[in-house]
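Take a look at the structure below.
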Amino acid sequence: MDCQHLDESYELFLLGTLPAREAVEVSEHVERGCSYCLEHLREAALTVYLLSQTVRPARLDPKLKSQVLRQVGKK
Amino acid sequence: MLRQMLPDCALAEEVLSEAFVKLGDNAQLLRQQDGSLAVWFVALARQLALDRLRRATDPPAPTPAGADLLVETFSWLPRPDALLQLEERMGLLKKVVNQLPKSQRKVVEMAFLEGCPEAEIATRLGMPLARASTELRAAMSFLRQRLRAVLGIWTANI
């Protein structure tokens, strides 16, 4: 499958900022298991993950951990 | 990340709790995958935060195509060893992100933290759509090339 025209699209797809027509095309390729698109999405996911690590970390309420564990435990 | 995306701490903690509950719901499926759990969890938490932001607008903003797919499927996730390699070089990679020109850094922040489509970025920054699109894509291309160089990986043409 020739997907090279999508090379610049994968990060934007993961960010949800890709124009709808292109996003639908990438989605269809993922659903079909397109190996080219999946390989490039895996690489793009590293870039997007990197961005998540560059934002300023925040301090959380220490009680949150126990609240979360209680909620997950209820399930 | 959630604290930067959402207007207050309580909401950020609520979304984080929701993300952990969804993580618990999907634990069995996730255990069977070869993909990075950390990458999926960050994508999930970001998606949940963006859902809150979209619901808060009047009228509520639409969810972009493919957003659900990323939370419900795992085939797009990088392998844990690829993430480990990235974590090991995180210090250097953060410097790379800081090398982005100011204008590109701004559009990347709007896309990442607010999920703004190119058209909204253009409107809010008072620039033509083509320029917003070019800035965002140039920034992503810069990061992609530098990431490949730092991690020593090149995606094979399949």
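Summary table
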{"item": "Dipole of chain A, positive direction: furthest Cα of A:19, A:52, A:3, with charges on the beta-carbon", "result": "A:52"}
{"item": "Value of relative contact order over region A:4-74, rounded to a whole percent, pairs C-alpha under 8 Å and six or more apart", "result": "33"}
{"item": "Fewest-first ranking of A:30, A:55, using other Cβ atoms within 10 Å as the exposure measure", "result": "A:55, A:30"}
{"item": "Set of aspartates and glutamates with alpha-carbon distance to residue A:65 below 20 Å, sequence-local pairs under 8 removed", "result": "B:8, B:13, B:14, B:18, B:25"}
{"item": "Förster radius 41 Å - calculated FRET efficiency between residue A:70 and residue B:119, Cβ distance, rounded to 0.05", "result": "0.45"}
{"item": "Estimated inter-spin distance, residue B:103 and residue B:145, nm [label 7 Å along Cα→Cβ]", "result": "1.7"}
{"item": "Ranking of A:65, B:106 by count of other Cβ atoms within 10 Å, fewest first", "result": "A:65, B:106"}
{"item": "Relative contact order [Cα under 8 Å, 6+ residues apart], region B:89-158, whole percent", "result": "36"}
{"item": "Residues B:3, B:131 arranged by fewest to most Cβ contacts within 10 Å", "result": "B:131, B:3"}
{"item": "Set of aspartates and glutamates near residue B:102 by C-alpha distance (under 18 Å), chain-local residues within fewer than 8 positions excluded", "result": "B:114, B:118, B:135"}
{"item": "Stretch gain in nm, segment residue B:68-residue B:10, where the contour uses 0.36 nm per residue and the Cα spacing is subtracted", "result": "18.4 nm"}
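The numbers here are math on the coordinates, done by the rules we state, and not lab data. As the structure is a computational prediction, the values presented were derived from the model and not from experiment. Cβ: placed from backbone, ideal geometry, glycine included. Neighbour counts: every protein chain shown.
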